Amino acid sequence: DAHGGTRLVRPDLSAAAAPAIPLVAKRFLFDRDGAMWATDAASGGVARVTPGATAPQRLRRRDGLTADMAVPLIQDREGNIWVGTNLGLNQLRHRDVVPVEGLADVVHGTFAAFVAGDGSTRLVNAGTLLRVSRSGSAVEASGWPDVVAAQGDGVSGAWLLGRKGLWHWSNEGGLREL
């Protein structure tokens with residue numbers, strides 16, 4: 001409501017014990033991940049509240065929404081959230097891009113990347129191998145050749161092309177020059 005914000009109503013229908021989320025919603029929906037999406041009547045734009053959060057993440061015109069006056073919300077069968085504004089229709093979708101914290105400190109110039117057989121992403125740069133996890137962290141190993149291109153072999157390794165040679169790397173056998 002306009003005075004108390006948005007609250008979770010518990011199964012016994014008591015809302016008083018639940019913390020209020022500072023959001024006055026025109027429309028809302030729950031996505032397949034359990035997050036609540038709402039068009040914000042007081043501040044404009046769209047708000048997203050993930051399970052367990054006490055404050056919404058907000059998306060407004062300055063963040064890329066076509067306008068702050070947003071009302072209709074739907075989720076399609078692919079999981080995309082569609083937001084209608086007075087100036088257009090916006091599609092919001094899940095991203096698979098994972099930022100890697102601290103990568104700028106270790107990657108210099110060009111680098112080569114490949115997906116290893118275990119599904120992890122590897123980056124090779126200036127003699128360093130970085131294993132990138134889904135959480136975005138990187139683990140270093142040194143002593144690698146200067147590589148300009150890399151391609152995973154689809155099994156358990158990768159082919160690496162450098163200025164001075166060709167190598168094959170595998171989880172089991174390590175790095176081998178050809």
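No value in this document is a laboratory result; all are computed from the given coordinates. Remember, it's a predicted structure, so these values are computed and weren't measured experimentally. Ideal geometry is used to build each Cβ from the backbone, glycine not excepted, and the neighbour counts take in all protein chains shown.
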Could you work out how much longer the chain between R27 and L161 gets when fully extended? Use 0.36 nm per residue separation minus the Cα distance between them, nm to one decimal. 42.8 nm
Along the stretch 50-55, what does the Karplus equation 6.51 cos²θ - 1.76 cosθ + 1.60 (θ = phi - 60°) give for ³J(HN,Hα), rounded to whole Hz, x for Gly and Pro? 7, x, x, 6, 10, 9
Please give the length that would be gained between A41 and R131 if that part of the chain were fully extended, namely 0.36 nm times their separation in residues minus their C-alpha to C-alpha distance (nm, one decimal). 27.9 nm
Sparse-neighbourhood loop sites, trypsin sites (Lys or Arg not before Pro) in the stretch 23-85 - DSSP loop, at most 12 other Cβ within 10 angstrom: R32, R77
